[in-house]
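Enquirer: My questions all concern the structure below.
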């Protein structure tokens, strides 16, 4: 299943998970996240599969500052909601969320590392 989301979807997630953050400081970041998870090279997806696409979204939204105070929460919520929309219900525990936060704060963080972490999250089913 090829699932692509759009900027209004990300803004809805930000509104729900954003701890009453004011309007985004930089709307270019969610536009970049949308373009990144849809990226193709020679008609082949740059990020293949739901975990890789979710990780690309999380990486962009979590590493680029675009909200005043809730980048990490919104990035994590976006990953969870994207996977659920792709038919992969996950239920990260507190330690899973902390591991994602720590990874996003690490300068060596990559989308591939995030995808590996998301794959390890427990299923909600």
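Bear in mind these aren't lab numbers, they're just calculated from the coordinates by the rules spelled out. Computed from a predicted model, the values in this text were never measured in an experiment. Here Cβ is always computed from backbone atoms with ideal geometry, including for glycine, and neighbour counts include all displayed protein chains.
Enquirer: Quick check of the Kirkwood formula: for the chain, what is the inverse mean of 1/r over all pairs of different Cα atoms, in Å? If you can, show how the numbers build up before the last one.
Expert: Numbers: mean 1/r = 0.0699 Å⁻¹.
Hydrodynamic radius (Kirkwood, Cα pairs) of the chain is 14.3 Å.
Enquirer: In addition: When the chain is modelled as a GNM with alpha-carbon springs shorter than 10 Å, which of 75, 55, 112 fluctuates the most?
Expert: The residue that fluctuates most here is 112.
Enquirer: While we're looking at this one, here's another question. In bins 5 Å wide, starting from 0, what share of all Cα pairs of the stretch 23-78 does each bin hold, as a percent?
Expert: Reading the bins upward from 0: 4, 22, 29, 22, 12, 7, 3, 1.
Enquirer: A further question follows. With a 10 Å Cβ neighbour count serving as the proxy for reagent exposure, in which order, fewest first, do 51, 82, 27 appear?
Expert: Numbers: 51 24, 82 27, 27 12.
Lowest to highest Cβ neighbour count: 27, 51, 82.
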